[in-house]
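A quick write-up on the structure given underneath.
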Amino acid sequence: MELTVNLNYDEVVKLIKQLPASKIKQLKLNLDDKFINSKASKEISNFQKFLLNGPIMSDKQYLEFKENRNLFNQWRTQN
């Protein structure tokens with residue numbers, strides 16, 4: 001049997017503050033930096049999703065880009 005409760009952040013903080021000091025300390029130990037960093041690394045921000053879904057150059061397009069960049073650099077440095 002599973003019970004799901006929808007609480008917002010403020011409600012969770014209010015509940016935590018009602019715990020005895022020993023349980024709050026135990027909770028802090030369970031939510032250490034390693035746990036937080038591993039959880040954060042799995043979450044992808046909207047900006048990261050945007051970047052990951054962006055256009056990608058083909059090999060041919062990349063070679064053309066490099067060639068054009070070299071030509072522009074030559075043109076720019078000529079007097």
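The values are calculated or read from the model by the stated rules, or taken from the named source; none is laboratory data. What you are looking at is a predicted structure, and each value in this text was computed from that prediction instead of being measured. Note that we place each Cβ from the backbone using ideal geometry, even for glycine, and neighbour counts take in every protein chain shown.
Okay, here's what the table says:
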{"quantity": "Elements of type helices (runs of 4 or more DSSP H) in the chain, at least 2 residues being among the basic types (Lys, Arg) and under 23 Å from the mean Cα position of the chain (by Cα)", "calculated": "33-42"}
{"quantity": "Residue satisfying condition, being acidic (Asp, Glu) and surrounded by 10 or more Cβ atoms within 10 Å (Cβ to Cβ), within set Glu11, Glu43", "calculated": "Glu11"}
{"quantity": "Subset tally (residues that are at pLDDT 85 or above and either in contact with a helix residue (DSSP H, G or I) (Cβ under 8 Å, 6 or more places away or on another chain) or among the aromatic types (Phe, Trp, Tyr) (or both)) for region 18-49", "calculated": "4"}
{"quantity": "When residues of region 52-79 are limited to those that are hydrophobic (A, V, I, L, M, F, W, C) and surrounded by 10 or more Cβ atoms within 10 Å (Cβ to Cβ), the one farthest from Ile16 (Cα to Cα)", "calculated": "Leu71"}
